[in-house]
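Below is one structure, written out as structure tokens, with a few remarks after it.
Computed from the coordinates by the stated procedures, all read-outs in this text should not be read as laboratory data. On a predicted model such as this, the values are computed, not experimentally measured, just so you know. All Cβ positions, glycine included, derive from the backbone under ideal geometry; neighbour counts span all protein chains shown.
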Amino acid sequence: MTGTTIRSELHLPRYLREDDAHRTPVAFEGYRSTGLRAPLRAPVDLPHRLTEVTGPLLGEGRVTAADADLTRQHDGEPQGQRIIVHGRVLDSGGKPVPHTLVEVWQANAGGRYRHVVDNWPSPLDPNFTGLGRTLTDGEGRYEFTTIRPGAYPWGNHDNAWRPAHIHFSLFGTAFTQRLVTQMYFPDDPLFFQDPIFNAIPEAARPLAISRFDYERTVPNWALAFEWDIVLRGKDQTPFETEDDGDIA
């Protein structure tokens, strides 16, 4: 229309850039794989445009309650100690983050992944795939029923064993909002020699370790472990940086 100025009212969100001092390093001398995957040049921050700040859209019914029970995905019961892993996803102010997608993957009770490159001599469990997902509820709570994973050897250094752990991935409301981390179990004797755990700044390491929860333990059924995931702030959960890729 003549003489009328039309202004767009579309406001794209801007995400905070983390202080490098608070991030797990991309390259860590004790973790040999980072020598091959760490960038040789400083990463360049790209602007967030519409493609990066919209989606993913899961659709109604795409994530079901059955997806969160890793012990019921096959005809038989998996081997190992059944556990319940639960907690909340929180923002920097302690406010719950509702309806966010939480995915997990893990080794079986013998410490072996159902993956073509994992062929160390520990048996596969035909009744355990090791994959699950759920959406946080309105209060930011999540819960999985699974099997406590076993430790496993890896070729990083002499007599190297990974502590028992479960991988977590969180998706927000945009494709750039993905965070990946690992949850450990209390009092694991293998912490001392694991470079992935020790790459976490020392003060933040307790934030990566779950808490045994006797109150949520189900009689004659499963032990419980509680682990809250904090997205930002001084209590932020240690995350793998987006430049680091997947780790063992």
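Things worth noting here:
- A simple count of charges around Asp213, restricted to other residues whose Cβ falls under 12 Å of its Cβ and scoring Lys, Arg +1 and Asp, Glu -1, yields -2.
- In order along region 128-143, the Karplus-derived 3J(HN,Hα) couplings, from 6.51 cos²θ - 1.76 cosθ + 1.60 at θ = phi - 60°, round to 9, 8, x, 10, x, 7, 7, 10, 5, 7, x, 9, x, 8, 10, 7 Hz, and Gly and Pro are given as x.
- Protection proxy ranking of 117-125, 130-138, 87-95, by the mean of other Cβ atoms within 10 Å over each peptide's residues and highest first, is 130-138, 87-95, 117-125.
- Extension gain, Ala203 to Arg72: 0.36 nm times the residue separation minus the Cα-Cα distance gives 43.4 nm.
- Cα centroid separation, region 72-150 to region 169-222 (Å): 12
- FRET efficiency for Val63 and Asn127, using Cβ-Cβ distance with R0 set to 25 Å, rounded to 0.05: 0.70
- Phi to ³J(HN,Hα) by Karplus 6.51 cos²θ - 1.76 cosθ + 1.60 over region 84-89, Hz, x for Gly, Pro: 10, 10, 9, x, 10, 9
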